[in-house]
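Read the figures in this text as sums done on the coordinates, not as results from a lab. In this text, all values refer to a predicted model and were calculated from it rather than measured experimentally. A quick note on method: Cβ atoms are made from the backbone with ideal geometry, for glycine too, and the neighbour counts reach across all protein chains shown.
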Amino acid sequence: MNKSELITKVSEETAFSKKDIARVLASITSIIEKELKEGNKVSLTGFGSYWVSRRPSRSGINPATKERITLPEVRIPRFKPGKQLKENIRGM
């Protein structure tokens, strides 16, 4: 399912227009992104949690030249499904 399909399904299940649903979805994703950039955790009870983890800098090898390089520290968004979501999927 992609974003437009999600918008269509939510619109069909509610009394809201696709345009309104698209704005709400954009707002939700924007808020989650801003919170993660600030280093905050976002928890949606029953669904799951989003947070940012850090991968420390490390050495690596350039596959084209076989030269040793240093890979910088990176921040990675993570997601852990909630208990209710896991139980619902397992019970299918």
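So the values come out like this:
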quantity: Estimated 222 nm signal from helices in the chain, with DSSP H stretches of n ≥ 4 weighted -39500 (n - 2.57), rounded to 500; calculated: -13500 deg cm²/dmol
quantity: S53-E87 pseudo-label distance in nm [points 7 Å out on the Cα-to-Cβ vector]; calculated: 2.5
quantity: Dipole moment magnitude, nearest 20 debye, the chain about Cα centre, only Lys, Arg, Asp, Glu C-beta charged; calculated: 420
quantity: Within the chain, longest stretch clear of exposed GluC sites (Glu not before Pro) (DSSP loop, no more than 10 other Cβ within 10 Å); calculated: 1-37
quantity: Cross-link partners of K80 among lysines (Cα-Cα below 16 Å; sequence separation of 8 or more within a chain); calculated: K41
quantity: E67 versus V42: modelled label distance in nm, points set 7 Å from Cα along the beta carbon direction; calculated: 3.9
